[in-house]
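Okay, handing you the structure first.
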Amino acid sequence: MRTMFLSGILAALILPLLAEQEMPNPAIDYAEFARLTNELAPVREKNRVTEEQFIKMAAEPGTIVLDARTRGWFERIHVKGARHLALTDFTADALQKVMPDKNMRILIYCNNNFENEPEGFARKTRSVSLNIQTFINLHAYGYRNVYELGPLLDVNTTKIPLVRNINLTPLPKAQVRPTWQPVPAPE
């Protein structure tokens, strides 16, 4: 009886591990993503730029400003001259259409670069802000000349020109909590 009980506990602990090993998916490689993330950390830090650098670089030939937010956020407000391709739409073909030259300079920004515009730049959790994901994804697709807007800027005082569409219906208010506040458990 005791052996059967211990066997049951052992099976309960081991079966989930075996199930994970039996679900290979050659289209998903988390270990490579983690490796790439670690490898790119110092590159990303070196390639973060100030507001002034962003403006200067954006005006130079061979540079594109990429907005990887969803179409809805982009249509509400975006950096003047930015091209749009949502991160969720990144594929080799889609990126090639927007940025045919993998050596061109790409400037990126996200919701977490701008404040005082909750209808267009809703704040995301810091650890998964869109800039981080966009930077890593662009490098994974072979784009190596990527620069990220670094500071948090007020939309009312930034020198970066923004295009606003005030004719859109307001989006539902997102529930934003400081990162230190726990999310309540579902009831």
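Filter segment 148-180 down to the residues that are of a type in the set (K, R) and surrounded by 10 or more Cβ atoms within 10 Å (Cβ to Cβ), then identify the one that is modelled with the highest pLDDT.
Filtering segment 148-180 for residues that are of a type in the set (K, R) and surrounded by 10 or more Cβ atoms within 10 Å (Cβ to Cβ), the one modelled with the highest pLDDT comes out as R164.
Within the group P100, P61, which residue is within 23 Å of the chain's Cα centre (by Cα), over 20 Å from E148 (Cβ atoms) and at pLDDT 95 or above?
So the residue among P100, P61 that is within 23 Å of the chain's Cα centre (by Cα), over 20 Å from E148 (Cβ atoms) and at pLDDT 95 or above is P100.
Restricting the search to segment 91-147, which residues are among the aliphatic types (A, V, I, L, M), part of a helix (DSSP H, G or I), surrounded by fewer than 16 Cβ atoms within 10 Å (Cβ to Cβ) and in contact (Cβ under 8 Å) with a residue 40 or more places away in the chain?
A92, A140
Applying the selection to segment 71-90, what residues are surrounded by fewer than 19 Cβ atoms within 10 Å (Cβ to Cβ) and farther than 19 Å from N167 by Cα? Outline the logic, then answer.
Taking segment 71-90 as the starting set, the residues that turn out to be surrounded by fewer than 19 Cβ atoms within 10 Å (Cβ to Cβ) are 71-72, 75, 80-81, 83-84, 86-90.
Across segment 71-90, the qualifying residues are G81, R83, H84, A86, L87, T88, D89, F90.
Go through (1) at pLDDT below 95; (2) under 17 Å from the mean Cα position of the chain (by Cα) for I28 and report which single condition fails.
Evaluating I28 over (1) at pLDDT below 95; (2) under 17 Å from the mean Cα position of the chain (by Cα) leaves (2) as the failure.
Using beta carbons and a limit of 8 Å, which pairs, at least six apart or on different chains, have the first residue in segment 69-81 and closer than 16 Å to N112 by Cβ and in a strand (DSSP E or B) and the second one aromatic (F, W, Y) and modelled with pLDDT under 95?
From segment 69-81, the pairs are I77/F121.
The values are calculated or read from the model by the stated rules, or taken from the named source; none is laboratory data. Predicted model only: the values in this text are computed from it and were never measured. Cβ coordinates were reconstructed from backbone atoms using ideal geometry, including for glycine residues, and neighbour counts include every protein chain displayed.
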